[in-house]
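What follows is a set of notes on a single structure, which appears directly below.
The values are calculated or read from the model by the stated rules, or taken from the named source; none is laboratory data. Note that the coordinates shown come from a computational prediction; the quantities given were computed from them, not determined experimentally. No Cβ is skipped: glycine too gets one built from the backbone with ideal geometry, and neighbour counts run over all protein chains shown. In case anyone asks, the SASA skips ligands and DNA or RNA and just uses the protein heavy atoms, side chains included. Shrake-Rupley method; radii C 1.70, N 1.55, O 1.52, S 1.80 Å.
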Amino acid sequence: MRLAADHEFDAIVTVDQGFEYQQNVADLPIPVVILIAQRTRLQELRPLVAEVIALLHGDLEPRIYRVVA
């Protein structure tokens, strides 16, 4: 996370639903968007893309956001 922030990433997008248990959420340097779907196959994640793009165009705080199918 720190490396991503140091390289000026705006956010991290992941399908890792265990992310918040693997990181210290209170110290997130950048926003994290977790995609939640039945499976992580492209055809199941594709419907979430528009919502993710809209979210990323907003003013995000460094916390976890969930986009649910």
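Some observations on this one:
- Candidate set from segment 36-69 (those that are of a type in the set (Lys, Arg) and touching a residue at least 24 places away in the same chain (Cβ under 8 Å)); member that is farthest from Val13 (Cα to Cα): Arg63
- Segment 16-30: number of residues that are in contact with a Lys or Arg (Cβ under 8 Å, 6 or more places away or on another chain) and either of a type in the set (A, V, I, L, M) or open to solvent by less than 20 Å² (accessible area, probe 1.4 Å) (or both): 2
- The residues listed here are Val49, Val67, Val13, Val33; of these, the one that is surrounded by 10 or more Cβ atoms within 10 Å (Cβ to Cβ), modelled with pLDDT of 95 or more and either in a loop (DSSP other than H, G, I, E, B) or out of contact with any helix residue (DSSP H, G or I) (no Cβ under 9 Å at 6 or more places or on another chain) (or both) is Val49.
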